[in-house]
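A short worksheet on the structure shown next.
Just so you know, all these numbers are worked out from the coordinates, no wet-lab data involved. Computed from a prediction, not measured in an experiment: that's the story for all the values here. Counting neighbours? That spans all protein chains shown, and the Cβs are built from the backbone with ideal geometry, glycine included.
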Amino acid sequence: MAAEVEQLIAQGPPGLKVFTERSLRTTIEALRASSPELEAALKRAGGPLDRTVAQMLLDRPDRDVLLKLIGFEANAAADTEKALASHLSKRFGWKASTTVGDLQSDVLLVDPATSRVTNIDWTSSTKLEAHERAWGKVVDDLGKDFDGNWEAIAQAYRQALGDGPPAEVLRQLEQLTTHAVRETVVRQAALRSVFGETWFVLSHEMIYKGLNSLFKK
């Protein structure tokens, strides 16, 4: 979909740089080679690129929040880095040796003029359908008595029905949550580590069906 993305943003800000399906290391190399200004601004990027994802997360100033969001209890581990690497492997599928530079974005938009970076993850529309099915089941089961707080779903089921959430609901919502956390929380933290805190970094998911429909009218 690289051609469609480039067509979609062709009228974007002058100087906007578009990278599709490239590793972060390759992207940074291209940016540094593109202009003296970016070479100076991204000179520090080499260090973070070579660190593993686990090392990057542990080095972040907001590590406590990040570790909580990815479901990792640092205080319960004797070797925190090793335990975190194992957790990342089991939950997100990365190897323990995966570095920040190895991470690959579906689309990365870099606007040097405004120091803005936007990561876009192409997500199959089937994930949206799965999300709607899972939450549809929750709505059918709990109705207006549930406020939508995912962390309290087990308690809400026990209060309403006297039992925990159906296994299928838990499985589907956990899969969707894991994907969203990987593509937003972890990837955004990686980009901030590389570009620095002076850059504004965002990460979004975009549904395949929604993007394709723009070119079928």
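Could you work out, for the chain, what percent of all Cα-Cα pairs fall into each 10 Å distance bin, beginning at 0 Å and stopping at the bin that holds the largest distance?
For the chain, the pair-distance distribution reads 7, 28, 30, 23, 10, 2, 0.
Which entries in Lys68/Lys95; Lys17/Lys137; Lys68/Lys144; Lys17/Lys90 show an alpha-carbon gap greater than 31 Å?
Among Lys68/Lys95; Lys17/Lys137; Lys68/Lys144; Lys17/Lys90, the Cα-Cα distance tops 31 Å for Lys17/Lys137; Lys17/Lys90.
Between Leu202 and Lys137, what FRET efficiency follows from the Cβ-Cβ distance if R0 is 25 Å, with the result rounded to 0.05?
Efficiency, rounded to the nearest 0.05: 0.20.
Taking the highest mean first, how do the peptides 71-78, 48-55, 155-162, 172-179 order by number of other beta carbon atoms within 10 angstrom per residue?
Sorting 71-78, 48-55, 155-162, 172-179 by mean packing, highest first, produces 48-55, 172-179, 155-162, 71-78.
How high is the relative contact order of the chain, in percent, with contacts defined as C-alpha pairs under 8 Å that are six or more residues apart?
Relative contact order, the chain: 26 percent.
Fully extended, how many nm does the chain gain between Asp145 and Ala160 (0.36 nm per residue separation, minus their Cα-Cα distance)?
Full extension from Asp145 to Ala160 adds 4.6 nm.
What's the long-distance tail for region 119-177, i.e. % of Cα pairs beyond 18 Å?
33 percent
Can you give the FRET efficiency for Val18 and Ser86, using 1/(1 + (r/R0)^6), R0 = 35 Å, r = Cβ-Cβ distance, to the nearest 0.05?
0.50
Simple spin-label model, 7 Å along Cα-to-Cβ: Lys95 to Ala33 in nm?
If labels sit at Lys95 and Ala33, their model points lie 2.4 nm apart.
Taking 30 Å as R0, compute the FRET efficiency from the Cβ-Cβ separation of Ser115 and Thr178 and round it to 0.05.
That gives a FRET efficiency of 0.50.
May I ask what percent, to the nearest 5, of DSSP beta bridges between residues of the chain are antiparallel?
60 percent
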